[in-house]
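The values are calculated or read from the model by the stated rules, or taken from the named source; none is laboratory data. Owing to the predicted nature of the structure, the values given are computational and were not obtained by experimental measurement. Cβ atoms come from the backbone with ideal geometry, glycine included; neighbour counts cover every protein chain shown. Note: accessible area is taken over every heavy atom of the protein model, side chains too, but ligands, DNA and RNA are not part of it. Shrake-Rupley method; radii C 1.70, N 1.55, O 1.52, S 1.80 Å.
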Amino acid sequence: MAESHLFSRRSFLKTACVGAGTLAASNLLPDLPFIGRVLAQSDRVPDLEVRLRAVESEVSILPGSPTRVWVYQGEVIQGDTASLQAIPDSYLGPIFRVHQSQHVRIHFVNDLPEESIIHWHGLILPEAMDAHPHYAIAPGETYVYDFQVINRAGTYWYHPHPHGATATQVYNGLAGLFIVTDGEETAAGLPSDDYDIPLVFQDRSFDADNQLVYITGGMMTQMMTEMMGFLGDNILINGKPEFELDVETRAYRLRLLNGSNFRILKLGWEDGTPLTVIGTDGGLLESPLERPYVTLSPGERVELWVDFSEHTVGSQLLLKSLPFTGVEMGGTMMGGMEMPETTTLPHGEKTTVLKVNVVQESTEALTLPERLSTIQRYALSDAVNADLPRTFEIAMLNEVWSLNGRSFEMDAVADDEIVQANTLEVWEFINVVNESETGAMDGGHGGHDMGNMNMGSGEIKTEDQMAHPMHIHGVQFQILERTVEDAFREGWETVSAGYVDEGWKDTVLLMPGERVKLLMRFGSDLGLYVFHCHNLEHEDLGLMRNYQVQ
Ligand code: C2O
Ligand code: CU
Ligand code: CU
């Protein structure tokens, strides 16, 4: 068709490489005028070809006036139309349903009034497909994604990633699920189709005319809210307030995504029934695990097995976000100034998020599989830097969020941000800074050694510490170890029993005072990838850095 033809011609003129991912596109970037368009070079006919338009629209969320939102509208051009499932009356984008190894081509059409680009959160992709923010395209332009899905079965998602505007674009409605299936998952025999239910949690605030309200107030209030993160007054599920789920008396698979900008959820049943967890960010666990509740921070996913067969028709179950503390230490920042109160639903306040109505008898009796999948465990001793973890300190320096003293720069990579392709590494995120080091960092030596400083001396500064859900593009990692400073233990203990660290992850929550060691293997795709805090306000303010695979 005409469109692909246009792209084919361009590709001969300016080669931005995609597909098999053998060319380090980033090496070309400094020299080439970047055109913001990438051609599907593969001659292969894709299994699924989709046009995905980002466009201003409106949707009925609350009774009364419709709400102006930004949405992804999808259309299958080629392949099984069931691969793209629209969510009726929601601002959320269509759900992609693809099988592992399928070849997908997506024409992203930016019909927004500003630049944008789509990132496929959790998928392992070549640089140009992962969509580093430097690929953002202008209004009216099209970006063609062309990739093979190599991830295992799991609940992945997509959302905008233009630097500095991710938070507002996601808040306006741009996000969707990308669900991958595979043979191993099918063999596990989990509830499927109508009994496999995605639940996307996002908090939003509305004005009297039902329009979305984002950060408001005077300049100072706005600045401080942005530094902290935005909290909405209502927790929506799949774009709907007061979401209720009607179920039969049988087992379900629930796929939960926290798609909020900042709000952390601590999800548990009102009556204290434990949760049965079967999956995390990167798909199924090896075997089911029980948790009293699950802690789900922005960007993270968790999958649950829930059996309603013991409940009687007519009963109702409440899923709550349970109380927790310590996410925003002291509620003060920037030299001890009080944070403005900007939401009717403060972080960590107990609230009902989901009502489940048992409406129908079912005779379908499924048993929870003992074995769900096989996870090949990484060993620390196999890491190329086993003795010297690559450390990244998260801190606010001179009122700017930073990683090892630096905040995001579009194409810059520091020495300690370069990794070798096809190697296993251990990384450590450190969410604790003591007085003496803060002083040292304020001096501006954002150097290579910063992360390896001994944290043993100096007094710990508790009041500037916040929770940060850290996300790394281009990999699925394993969580090796967590530690928490005593000064922060109290808040930490209000969420830590809800961590699910046993499966594949791409996003990990660090509470204040916490350090987490991760094992990850970099693939053979070279180029620039980002890692960042998935508190989207933090990300936009620069709590993000590049890492380069070479
Ligand atoms: Cu879901 Cu870089 O993000
Ligand atoms: Cu991502
Ligand atoms: Cu953060």
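Per-structure values
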| read-out | value |
| --- | --- |
| Residue ID - farthest from ligand 2 (Cβ to nearest atom), chosen from residues in the stretch 160-175 that are assigned to a loop (DSSP other than H, G, I, E, B) and of a type in the set (A, V, I, L, M, F, W, C) | ALA165 |
| Number of the condition not met by PRO369 [criteria: (1) in the same structural domain as ASP246 (by TED's automatic domain parsing); (2) within 26 Å of PHE477 (Cβ to Cβ)] | (1) |
| Some residue of the stretch 28-39 being modelled with pLDDT of 50 or more, more than 24 Å from the chain's Cα centre (by Cα) and either within 22 Å of ARG204 (Cβ to Cβ) or not in a helix (DSSP H, G or I) (or both) | no |
| Inter-residue pairs, beta-carbon under 8 Å, first without any contact (Cβ under 8 Å) to a residue 12 or more places away in the chain and in the stretch 404-430, second in a helix (DSSP H, G or I), 6+ apart | none |
| Test for THR221: is it in a strand (DSSP E or B), open to solvent by 10 Å² or more (accessible area, probe 1.4 Å) and either polar (S, T, N, Q) or not assigned by TED's automatic domain parsing to the domain that holds GLU328 (or both) | no |
| Residues (part of a loop (DSSP other than H, G, I, E, B) and under 26 Å from LEU541 (Cα atoms)) located in the stretch 390-429 | ASN398, GLU399, ASN404, GLY405, SER407, PHE408, GLU409, MET410, ASP411, ALA412, VAL413, ALA414 |
| Of all residues in the stretch 129-150 being assigned to a loop (DSSP other than H, G, I, E, B) and open to solvent by less than 10 Å² (accessible area, probe 1.4 Å), the one that is farthest from ligand 2 (Cβ to nearest atom) | VAL149 |
| Conditions (1) open to solvent by 70 Å² or more (accessible area, probe 1.4 Å); (2) within 16 Å of ligand 2 (Cβ to nearest atom); number of the one not met by GLU300 | (1) |
| Checking VAL500 against (1) at pLDDT 95 or above; (2) within 16 Å of ligand 3 (Cβ to nearest atom), the condition it does not meet | (2) |
| Strands (runs of 3 or more DSSP E) within the stretch 491-550 that include 2 or more residues under 16 Å from the mean Cα position of the chain (by Cα), away from ligand 1 (no atom under 13 Å from the Cβ) and outside the structural domain of LEU289 (by TED's automatic domain parsing) | 507-510 |
